[in-house]
Amino acid sequence: MLLDLHARLRDALRSTIRTQWNIDPPEIVLNQTPKIEFGELATPVPFELARLLKRPPQSIAEELIIRVGKIDGVERMEPAGRGYINFFLDRAAVVRGSRLRGYPGDEGKIIVEHTNINPNKAAHIGHLRNAAIGDTFVRILKAAGRKVEVQNYIDNTGVQVADVIVGVKHVERKTLDDVRRLIANRSIKFDYYCWDVYARVASFYEEQDPHYALRAQVLKEIEEGSADTARMAELVAMTIVRCHLRTMSRINVHYDLLPRESDVLHLKFWDYAFRQLRKKEAIFFEKEGKNAGCWVMRLDSDGQDEDKIIVRSNGTVTYVGKDIAYQLWKLGLLAQDFQYTVFDADADVWVTTSGDGQPDHPAFGHGRTVYNVIDVRQSYLQNIVRHGLLALGHEEQARRSIHFSYEVVALTPECAGQLGVELTAEDRKRPHIEVSGRKGQGVKADDLLDALELEAMKEVKQRNPKLTPTETETIAHQIAVGALRYFLLKFTRTAIIAFDFKEALNFDGETGPYIQYAAVRGNNILHKLRESDPGFDFGRIQKMLNNPKLGVYLNESDDIWELVYLALRVDEIGHQVFVTLEPAALAKHAFALAQRFNLFYHRYRIISEPDMDRKLFYILVVDVVREALTKALDLMGIEVPRRM
RNA sequence: GCGCCCGUAGCUCAGAUGGAUAGAGCGACGGACUACGAAUCCGUAGGUCAGAGGUUCGAAUCCUCUCGGGCGUACCA
């Protein structure tokens, strides 16, 4: 594995520097070289040493190379660029080594919390970004041999659920039985119905309940478990959760556990956290001023301007309060535990409950590290949660509580216009328009997926008219997911995605289908080989690894080596994503790999290559690359279609 | 006001930890299907990395300021 090679390089340089000059070695930075003629890796460390040793970097580089001696997997080193050391890898050895994989042992469970959609309306494009990022991160962690638990927190006692209940009861005038009938009606998408109801509530408040008295009342009733309202809220929220999970399963996103906020409350998690926070004086009761009657957390010692309300004056707990308790539980710092019951047996999803759970549930919680995948607008709240942990003295755990933040999905003004958002002349000049769930303005996840599948279906039919309808549908679906997930991952976390149908529905250029296509073509070459030579022994490809000509071929053509090297770097890029929390790096890498592969099979004839050894070498290249493409796609939750 | 993020080709974006000649896609223009399938490939044009200082052997990247833009700073989440 290349990561092992990196470690060997760093170790060798460090120990040589230490013994040679008797100094603490600086951090050994390894860079990719700008061109393959400079080797594969380079370190600028002689520049650092030049400062410490007061000598020209070039001569340090030369001396270091001599002193370091032979490093396993490195063919040679050269000083370059007035002070770099360039490393030229033993190409054949790197290819052989790539077939061996070693993973670190168990370093403790990692909990990744993502999706977390308010269960009061249909999922939209922004939620898809969250899920795509979170799920990709999970896949990368698992591939690296880490133990991962995926949690999708259900905020079923929050204001947003209260609002939709206000809408159902007071705007739509529906009873609990009406709601049951609506849910049973297969021709109605219940999450879509609530989307519209929720959008109508905003104007209802404006006109009929400007002080949000109904919201407060409903919220309180939900929290207290008051019969009718609470039952309706439970039914509405959990029905919508099922809708969300169905939507997410369309893009290959799954969960282990659905922790519910109502259970955090009913099982008194909050009471415990509250007592602790109070004992440590992390929160206190405000007797006067604007926050009179509330329990608040003081974030700024100067005064109450920055105080954050944790318990409202009517006694209900804000989201952060419950989130602190939940975070404590995730880290195994809470004396209590949930009860658990199966939510979806087929998908092996569990849900928390306050009633009798099943005794034989898996061990949930007790994460050593916790990643919360939540958009950047929640940085403030995430900080308060962290503040709470620190106030309780959990410094180590606070360090291991990581806000995996990313920017939101907005709409281009044109797109917003198409969706019926009213825009002023100024709006039209803006780079993006924020989606508003409150106004019902946004792209619903299922609608987008439907549109993508329809578009993909056209393309598949046109290119593969002989496929059965089922096959066509399957492939169209895989392509739709490929396009969508790649689109959501190719932007870096800090980039606001200005959503536009034209771009999202595109299958050409830097897209998921482009990469899928490359993988399909790779597979097809091997299929073709089987067809043209039914007796072909595929074991010969494996044997090519030990053929001395492997090194000769790899060294004679830099273009093929660059392709193979990109393929072998997939694990390294996965590691980079883990360190930098930047899944876009993987997306970009997969695309670059696909590009190089397209170039390769355009430039070289593989099946018709007359020289048998050379042909085997080409086939080995195809095999290595299609395996890497498949893996990179899999890490992004994208499948390789049978045909395209 | 305070805090965070962004500003790179016509457009949308990459350039992790400072490093060698700043790269993709789209769009534009011109080419390549009798070939392992063209959802592909090749070529051309396109840059004062918002601006100004500074640190450094070296800055798109770090620091300061200025100018644009976005978000947060709720008894919403």
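The values are calculated or read from the model by the stated rules, or taken from the named source; none is laboratory data. This one's a predicted model, so the numbers in the text were calculated from it and none came from an experiment. As a convention, Cβ positions derive from the backbone with ideal geometry for all residues, glycine included, and neighbour counts pool all protein chains shown. Heads up: the accessible areas ignore ligands, DNA and RNA and are worked out on the full protein's heavy atoms, side chains in. Shrake-Rupley method; radii C 1.70, N 1.55, O 1.52, S 1.80 Å.
Counting only residues that are near RNA strand B (Cβ under 10 Å from one of its atoms) and closer than 26 Å to residue A:544 by Cα, give me the strands (runs of 3 or more DSSP E) lying completely in segment A:1-95 with at least 1 of them.
Working: elements: A:41-43, A:74-80, A:84-89.
Passing ranges, in order: A:41-43, A:84-89.
Please verify whether segment A:602-618 includes one or more residues that are outside any helix (DSSP H, G or I), acidic (Asp, Glu) and more than 11 Å from RNA strand B (Cβ to nearest atom).
So in segment A:602-618, the residues outside any helix (DSSP H, G or I) come out as A:604-611.
Still in the list and also acidic (Asp, Glu): A:609, A:611.
Of the ones still in play, those that are also more than 11 Å from RNA strand B (Cβ to nearest atom) are A:611.
Checked against the condition, which is being outside any helix (DSSP H, G or I), acidic (Asp, Glu) and more than 11 Å from RNA strand B (Cβ to nearest atom), segment A:602-618 yields at least one hit.
Being out of contact with any strand residue (DSSP E or B) (no Cβ under 8 Å at 6 or more places or on another chain), within 23 Å of residue A:90 (Cβ to Cβ), surrounded by fewer than 16 Cβ atoms within 10 Å (Cβ to Cβ) and among the polar types (S, T, N, Q) is the filter here, so list the residues in segment A:9-52 that pass it.
A:15
Among the residues of segment A:74-98, which ones are at pLDDT below 90 and open to solvent by less than 70 Å² (accessible area, probe 1.4 Å)?
A:80, A:81, A:83, A:97, A:98
Residues of segment A:315-367 being assigned to a helix (DSSP H, G or I), touching a residue at least 60 places away in the same chain (Cβ under 8 Å) and not charged (D, E, K, R), which ones?
Keep residues of segment A:315-367 that are assigned to a helix (DSSP H, G or I), which gives A:319-330.
Pick out the ones that are also touching a residue at least 60 places away in the same chain (Cβ under 8 Å) and you get A:319-320, A:322-330.
Selection gives A:319, A:320, A:324, A:325, A:326, A:327, A:328, A:329.
Yes/no per residue for (1) touching a strand residue (DSSP E or B) at 6+ places or on another chain (Cβ under 9 Å); (2) open to solvent by 30 Å² or more (accessible area, probe 1.4 Å):
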site	(1), (2)
A:489	no, no
A:494	yes, yes
A:505	no, yes
A:518	no, no
A:531	no, yes
A:538	no, yes
A:545	no, no
A:556	no, yes
A:562	no, yes
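State yes or no: is residue A:179 buried (at least 16 other Cβ atoms within 10 Å of the Cβ), in contact with a Ser or Thr (Cβ under 8 Å, 6 or more places away or on another chain) and assigned by TED's automatic domain parsing to the domain that holds residue A:134? Walk me through how you get there before you give the answer.
On the way: buried (at least 16 other Cβ atoms within 10 Å of the Cβ): yes; in contact with a Ser or Thr (Cβ under 8 Å, 6 or more places away or on another chain): no; assigned by TED's automatic domain parsing to the domain that holds residue A:134: yes.
It is false that residue A:179 is buried (at least 16 other Cβ atoms within 10 Å of the Cβ), in contact with a Ser or Thr (Cβ under 8 Å, 6 or more places away or on another chain) and assigned by TED's automatic domain parsing to the domain that holds residue A:134.
Given the structure, is residue A:158 farther than 25 Å from residue A:499 by Cβ and in contact with a Lys or Arg (Cβ under 7 Å, 6 or more places away or on another chain)? Steps first, answer last, please.
Numbers: farther than 25 Å from residue A:499 by Cβ: yes; in contact with a Lys or Arg (Cβ under 7 Å, 6 or more places away or on another chain): no.
No.
Kindly provide the set of residues from segment A:525-552 that are touching a residue at least 24 places away in the same chain (Cβ under 8 Å), within 16 Å of RNA strand B (Cβ to nearest atom) and within 39 Å of the chain's Cα centre (by Cα), ordered by number.
Across segment A:525-552, the qualifying residues are A:525, A:526, A:528, A:529, A:541.
Tell me the residue from A:456, A:398 that is assigned by TED's automatic domain parsing to the domain that holds residue A:134 and part of a helix (DSSP H, G or I), please.
Values: A:456 fails: assigned by TED's automatic domain parsing to the domain that holds residue A:134.
When all the criteria are applied, what remains is A:398.
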